[in-house]
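Below is one structure, written out as structure tokens, with a few remarks after it.
The values are calculated or read from the model by the stated rules, or taken from the named source; none is laboratory data. What you are looking at is a predicted structure, and each value in this text was computed from that prediction instead of being measured. For neighbour counting, all protein chains shown are included, and Cβ atoms are generated from backbone atoms with ideal geometry for every residue, glycine included.
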Amino acid sequence: MLPCPAISDSLVNMKRIRPSLFALLLLAAPAVHAQFIIYVTDFTRNKSVSKITSDGVVSTFATEFDGIKGLAVDGMGNLYVAGYYKVTPDGAVSVNLNITGLTNFDALDYVALDPQGNLYAADDANVSTVYRVSSAGVVTPFVSGFNGVSALAFDRNGNLYVASYDDENVSKVTPAGVVSTFAFPTGNPSGMAFDRNGNLYVSDIGDGWVNKVSSSGVVSRFVTLESPEGLGFDVDGNLYVATHHIGSPTGGVGTNTVSRVTPAGVVSTFAIGDNYALGSTLSLAIFTPPSIPTSLAIIKGSSANVVLEGWNGTPGTTYYALMSTNLMIPFSQWTRVATNVLDATNALSAAGIFFFDFPIAPGMGQRFYVIGQ
């Protein structure tokens, strides 16, 4: 079941859907601001995962993970810890790995989910391998030959990006396993995340930079922070960066912090952890449940137009129609297919009613649409 806000008794009106399409409407809810949960490793105590709400409230979510370095969260809110563990939204921990028959296997430290919800994990050995982990926890090699993997990330097209700390570059791996060098964005890549426009952001823990890499591989400096590591985006396009702030140059102790960076590059402190040794790793993952105003539809059919109607909108606010073929991926990875800015001078818009009218490409099979901010 898709996690959702409080469900209204009335369904969203989609009366102008073309006859060639089938739609199942699931919910209608009042417009609210986007809510999210940030998970960070080693933030308030070693060997733990901390949970930070969208209000900045910090708590310990799960503990006793030895040497964790990577996190990923699926669209249902399940957290994957370093390739080994799966943690449900209520904190239940289970082992998520079966390495029977594998040889030359090192620790699966870094993880990422592809657009279909498949889990990939990499070791950080001298010659690193990226493995695919099935829903049953069965591990199979996917691609290898990287020198010291330090982060993984997927774009919306299913291409995997692998950051190499030793090679000081980011490689692109197609779904077929073809590897190419994508960019040299930083000296010591330590975290990666894609924004909603398809730009890749890469942190550099050594030089204190977060660099922006366009889809064509052009690198530009986005922001400078002290010892940035894990990265993640909310649905509004704000970047969250897990950082170490060094206390004493000789003491080896620092304060863990999560900073929020707006799309314009304005930095503010979002949450503060405790003082722990700088040998720990600050990986970060963000889960965004449906924050929506409005509706979710499941569509099957051929090429046509679909019309969505939203309720309870706020005049002057921008709303988006988002599409995905998979409910399991985070909403930040759904594709924007239409935009509507409510016009306060229009009678319907002033009443909070708004529409989307857009074409549906043929051959996509089942897809899901949601209206959000």
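Per-structure values
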read-out: Hits in the range 179-213 - residues which are assigned to a loop (DSSP other than H, G, I, E, B) and either more than 15 Å from PHE154 (Cβ to Cβ) or not assigned by TED's automatic domain parsing to the domain that holds SER283 (or both); value: PHE184, PRO185, THR186, GLY187, ASN188, ASN197, ILE205, GLY206, ASP207, GLY208
read-out: Which numbered condition ASP55 misses (of (1) outside any loop (DSSP other than H, G, I, E, B); (2) at pLDDT 80 or above); value: (1)
read-out: Residue match in the range 92-102 (condition: more than 19 Å from the chain's Cα centre (by Cα), at pLDDT 85 or above and either in a strand (DSSP E or B) or among the charged types (D, E, K, R) (or both)); value: yes
read-out: Residue satisfying condition, being farther than 16 Å from LEU239 by Cβ, surrounded by fewer than 19 Cβ atoms within 10 Å (Cβ to Cβ) and more than 22 Å from the chain's Cα centre (by Cα), within set SER180, SER216; value: SER180
read-out: Residue check for GLY273: touching a strand residue (DSSP E or B) at 6+ places or on another chain (Cβ under 6 Å) and either basic (Lys, Arg) or at pLDDT 55 or above (or both); value: yes
read-out: Leading residue by the ranking (modelled with the highest pLDDT) among those in the range 103-146 that are of a type in the set (Asp, Glu) and not in a loop (DSSP other than H, G, I, E, B); value: ASP109
read-out: Criterion (of a type in the set (A, V, I, L, M, F, W, C), out of contact with any Lys or Arg (no Cβ under 6 Å at 6 or more places or on another chain), in contact (Cβ under 8 Å) with a residue 40 or more places away in the chain and closer than 21 Å to TYR120 by Cα) met by exactly one of VAL178, VAL173; value: VAL173
read-out: Close pairs (8 angstrom Cβ cut-off, 6 or more residues apart or separate chains): assigned by TED's automatic domain parsing to the domain that holds ALA242 in the range 257-268, of a type in the set (Lys, Arg) anywhere; value: VAL267/ARG260; SER268/ARG260
